[in-house]
Amino acid sequence: MSDEELPGDIVLDAATLRVLAHPMRLTLLEHLRQRGPATARQLAAHYEIDSGAASYHLRRLADGGLIEEDLERGNRRDRWWRARHRSSVHDPANGGPDERQDSRAYLHAVVLAYSEQLRRLAYTAPLQPDDWYEASTFSNYTLQLTPAELNEAKSELAAVIKKYRDRANAAGAPVAVQLHAFPLPEPDDDA
C-alpha cells in the first residue's frame, strides 16, 4: 500500500486514545504517515532514542491498529512498518464521560509531541528556500468565543483543510498544518 492508497481518517476511540497517550508514539506514527515506511532502527536514529524503545512503541501502535508491518520490505532482522491511515481525528465532544480521562491523556501527549516538532522546526524553518519560507505562516490569534462558536469555527476550518488535503497534487510537498483551539487559563488574581 503506497502513501496515496492510505485510507483517510481514523476516528480515535478509547483504546486508540490510550495507545496514543505517549508523545513518542504520536511522533513515530506521524513520521510513518508523512515519510512512508521505516524500520525501528531508522526511527530510533532519526529521533535519537534507543532502538528497543522504538520497537516497543511501534508494537504498541500495531496492537492498536494504527500501523502494520510492511511485508513487502525487510527481512527477519529489519521489520518495516507503515501507517494504516492518513490522519487521526479526535473531537472530545464526540466521546462520552467514560472516554474523558483517555482524551485528556491524549491531549497532553499531543501538546508534548507538537512542542518537540516545533523545537526541531526552530532549527530548519529559517533555512527553507525563499518560496517556501514566504508561503509559511506563523500566526497566533486570540478570539472571544463561546463553546458553540468555537465548535462552529472548528467545523469550518476542518472543511477548508479537508478541501486541500483531498486534492491530488503530485507537484506539492508535505506541509504540516496544526490547528490548536483552546480556552486560555484565567489570569491569576494575585498578579
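The values are calculated or read from the model by the stated rules, or taken from the named source; none is laboratory data. These figures come from a predicted structure and were not determined experimentally. Cβ placement follows ideal geometry from the backbone for every residue including glycine, while neighbour counts extend to all protein chains displayed.
Output the residue which, of all residues in region 16-52 that are more than 15 Å from LEU66 (Cα to Cα) and of a type in the set (Lys, Arg), is modelled with the lowest pLDDT.
Residue satisfying both the conditions and the ranking: ARG35.
If SER88 meets every condition in (1) outside any helix (DSSP H, G or I); (2) of a type in the set (Gly, Ala, Ser); (3) more than 21 Å from ILE67 (Cβ to Cβ) apart from one, which number is that one?
Exception for SER88: condition (3).
Contact list please: Cβ distance under 9 Å, first residue in region 149-164 and more than 15 Å from HIS180 (Cβ to Cβ), second residue modelled with pLDDT of 90 or more and in a helix (DSSP H, G or I), pairs at least six apart or on different chains.
none
Which condition breaks for LEU121 when tested against (1) surrounded by 10 or more Cβ atoms within 10 Å (Cβ to Cβ); (2) free of Cβ contacts under 8 Å to residues at least 40 places away in the same chain; (3) closer than 22 Å to LEU61 by Cα?
Only one criterion in (1) surrounded by 10 or more Cβ atoms within 10 Å (Cβ to Cβ); (2) free of Cβ contacts under 8 Å to residues at least 40 places away in the same chain; (3) closer than 22 Å to LEU61 by Cα is unmet by LEU121, namely (3).
Would you please list the contacts, defined by Cβ atoms under 9 Å and residues six or more apart or on different chains, that run from a residue in region 170-188 that is surrounded by 10 or more Cβ atoms within 10 Å (Cβ to Cβ) to a residue that is in a loop (DSSP other than H, G, I, E, B) and of a type outside the set (Gly, Ala, Ser)?
As it stands, the answer is ALA181/LEU143; ALA181/LEU145, since those pairs meet every condition given.
How many residues, within region 51-79, are free of Cβ contacts under 8 Å to residues at least 24 places away in the same chain, part of a loop (DSSP other than H, G, I, E, B) and either touching a Phe, Trp or Tyr at 6+ places or on another chain (Cβ under 9 Å) or surrounded by 15 or more Cβ atoms within 10 Å (Cβ to Cβ) (or both)?
Of the residues in region 51-79, 2 are free of Cβ contacts under 8 Å to residues at least 24 places away in the same chain, part of a loop (DSSP other than H, G, I, E, B) and either touching a Phe, Trp or Tyr at 6+ places or on another chain (Cβ under 9 Å) or surrounded by 15 or more Cβ atoms within 10 Å (Cβ to Cβ) (or both).
Yes or no, residue by residue, for (1) under 26 Å from THR16 (Cβ atoms); (2) of a type in the set (A, V, I, L, M); (3) touching a His at 6+ places or on another chain (Cβ under 6 Å):
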residue: ASN94; (1), (2), (3): yes, no, no
residue: LEU107; (1), (2), (3): yes, yes, no
residue: TYR133; (1), (2), (3): no, no, no
residue: THR137; (1), (2), (3): no, no, no
residue: ALA148; (1), (2), (3): no, yes, no
residue: LEU184; (1), (2), (3): no, yes, no
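Looking only at residues that are among the small types (Gly, Ala, Ser) and closer than 17 Å to GLU72 by Cα in region 31-45, which one is surrounded by the fewest Cβ atoms within 10 Å (Cβ to Cβ)?
The qualifying residue surrounded by the fewest Cβ atoms within 10 Å (Cβ to Cβ) is GLY36.
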